[in-house]
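Chemist: Dropping a structure here in structure tokens format, bear with me for questions.
The values are calculated or read from the model by the stated rules, or taken from the named source; none is laboratory data. Remember, it's a predicted structure, so these values are computed and weren't measured experimentally. Note that we place each Cβ from the backbone using ideal geometry, even for glycine, and neighbour counts take in every protein chain shown. Please note that ligands, DNA and RNA were not included when accessible areas were found on the heavy atoms of the full protein model with its side chains. Shrake-Rupley method; radii C 1.70, N 1.55, O 1.52, S 1.80 Å.
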Amino acid sequence: TATQVVAKIAGIELPQKQWPELIGSLLSNIHQVPAHVKQATLETLGYLCEEVSHEVVDQDQVNKILTAVVQGMNSSEKNNDVRLAATRALYNALGFAQANFSNDMEREYIMRVVCETTMSPEVKIRQAAFECLVSIAAMYYVKLAPYIQDIYNITAKAVRGDEEPVALQAIEFWSTICDEETDILEEYVGDTTGDSDIPCFYFIKQALPALVPLLLETLLKQEEDQDLDEGAWNIAMAGGTCLGLVARTTGDDIVPLVMPFIEENITKQDWRQREAATYAFGSILEGPSP
């Protein structure tokens, strides 16, 4: 509770140049020995980044906050509560990190630590790390090219074998890339000069041969009574939604990859296979030409 109160007061005072020593005194806590102090401090920094606009904090302090947060995420940090607090704090601090993502060395370091954190033995930490990747996809799409192959490997492994909350975030990463690319391409088409401000890297198009089979596998992971709960969301639903976004992003290219799956499964005895085939067909109706 105290961490939230501190962040709320900071949200009022920092924009007015009051409580200037706050961030410094928080950062001095990071080197404290008791783990719970470190954890609470990282939580406070995370909430603070949520409450305060990034214009209010000068770049030097942003660098120090990010350093503290990323160090807390490192696998050398043995306390899981601290690692979790740090990973969640990074999620909130990403909006502050524009200058850091423009710097190759700093971006490399942040990306490496986030990718390593997706392998943590602790489910909640893995989930929080994938949430960071989803947010990075939305905020820093243009910086992702050097990492996209590694991220594919990490997400594919999570979708195939990890626990549901983690797998769902791994699928969400690709849904977010679809959203980004669709927006760029729509802007490109709508712009008469044929020149979009942001380049499209066609990550989805390049990943199609591997990504589509991965998503089709998820369609077979339905829950027994999945339509009973109104707000239900599971791997099969997330995979189908992502498949639909991929179809809208890549158009005709997806059809030859999905049709064999539909033809093979639509007449099978097992309801899962028939349902997956029908869902796959429904998912790719928007995007490709008739």
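Chemist: Choose one answer from ILE151, ILE184, ILE125: the residue with the largest mean-square fluctuation in a GNM of the chain with alpha-carbon springs under 10 Å.
Modeler: For the chain, modelled as a Gaussian network with Cα springs under 10 Å, the answer is ILE184.
Chemist: May I pose another question? Would you mind working out the accessible area per residue for the range 160-289, using a 1.4 Å probe, and quoting it in Å²?
Modeler: That works out to 52 Å² for each residue.
Chemist: So how tilted is helix 123-139 from the main axis of the chain? Cα-based, degrees 0 to 90, rounded to 10.
Modeler: The angle comes out near 80 degrees.
Chemist: With every protein chain left in place and a probe of 1.4 Å, what is the accessible surface of LYS124, to the nearest 10 Å²?
Modeler: 120
Chemist: For the range 108-202, with equal point scatterers placed on the C-alpha atoms only and solvent neglected, what are the log10 I(q)/I(0) values from the Debye formula at q = 0.13 1/Å, to two decimals?
Modeler: Here log10 of I(q) over I(0) equals -0.46.
Chemist: Leaving ligands, DNA and RNA out of it, work out the accessible area of MET139 with a 1.4 Å probe and give it in Å² to the nearest 10.
Modeler: 90
Chemist: Also, I was wondering about something else. Provide the net charge surrounding PHE101, with neighbours chosen by a C-beta distance below 10 Å and charges set as Lys +1, Arg +1, Asp -1, Glu -1.
Modeler: 0
Chemist: How large is ³J(HN,Hα) for each residue in the range 12-21, as worked out from phi by the Karplus curve 6.51 cos²θ - 1.76 cosθ + 1.60 (θ = phi - 60°), to whole Hz, x for Gly and Pro?
Modeler: 8, 8, 4, x, 9, 6, 9, 6, x, 7
Chemist: Roll a 1.4 Å probe over the protein heavy atoms and report the accessible area of SER53 in Å², nearest 10.
Modeler: Approximately 50 Å² of SER53 is accessible to the 1.4 Å probe.
Chemist: Cα gyration tensor of the range 1-143, axes a ≥ b ≥ c as square roots of the eigenvalues: rounded (a/c below 1.5), prolate (a/b > b/c) or oblate?
Modeler: It comes out oblate by the Cα gyration axes.
Chemist: Compute the distance in nm between two label points, each set 7 Å from the Cα along the Cα-to-Cβ direction, one at GLU224 and one at SER289.
Modeler: 4.7
Chemist: Still on this structure, please answer the following. Along the charge dipole of the chain, which of VAL258, ILE284, GLN16 sits closest to the positive end, that is, farthest toward it, with unit charges on the beta carbon of Lys, Arg, Asp and Glu (+1, +1, -1, -1)?
Modeler: GLN16
Chemist: Charges at C-beta only: +1 for Lys and Arg, -1 for Asp and Glu. How large is the resulting dipole of the range 1-140 about its Cα centre, in Debye rounded to 20?
Modeler: 340
Chemist: Just from its helices, what would the mean residue ellipticity at 222 nm be for the chain, if runs of 4 or more DSSP H residues each count -39500 (n - 2.57) and the sum is divided by every residue, rounded to the nearest 500 deg cm²/dmol?
Modeler: The per-residue figure over the chain is -22500 deg cm²/dmol.
Chemist: Additional query: In nm, to one decimal, how far is the VAL123 label point from the LYS205 one, both placed 7 Å along Cα→Cβ?
Modeler: 4.0
Chemist: Over the chain, what number does the Rg to Rh ratio reach, with both radii from the alpha-carbon atoms and Rh per Kirkwood?
Modeler: Using Cα coordinates only, the ratio equals 1.03.
Chemist: Still on this structure, I have one more. Working out 0.36 nm times the residue gap between SER102 and ASN63, then minus their Cα-Cα distance, what length gain in nm do you get to one decimal?
Modeler: Here the answer is 12.8 nm.
Chemist: Which order do GLU172, GLU180 take when ranked by solvent-accessible area (1.4 Å probe, heavy atoms of all protein chains), largest first?
Modeler: GLU172, GLU180
Chemist: In a shell of Cβ-Cβ distance under 11 Å around TYR202, excluding TYR202 itself, what net charge do Lys and Arg (+1) and Asp and Glu (-1) give?
Modeler: Result for the local shell: -1.
Chemist: Ok, one more. Which percent of the accessible heavy-atom area of the range 151-290 goes to carbon and sulfur, probe 1.4 angstrom?
Modeler: 53
Chemist: Let me ask you something else. Accessible area per residue of the range 1-143 at 1.4 Å probe, in Å²?
Modeler: Ligands and nucleic acids excluded, the figure is 48 Å² per residue.
Chemist: Here's a follow-up. What part of the accessible area of the range 1-143, given as a whole %, is carbon or sulfur when the probe is 1.4 angstrom?
Modeler: Carbon plus sulfur share of accessible area: 52 percent.
Chemist: What pairs in LYS64/LYS205; LYS78/LYS157; LYS78/LYS143 have C-alpha atoms more than 32 Å from each other?
Modeler: Long pairs (Cα-Cα over 32 Å): LYS64/LYS205.
Chemist: Keeping every protein chain in place, order THR218, THR67, THR249 by accessible area at 1.4 Å, biggest value first, i.e. largest first.
Modeler: If we order THR218, THR67, THR249 from most to least accessible, we get THR67, THR249, THR218.
Chemist: Something else: Once both axes come from the Cα atoms, what is the angle between helix 59-73 and the longest principal axis of the chain, in degrees from 0 to 90, rounded to 10?
Modeler: 70
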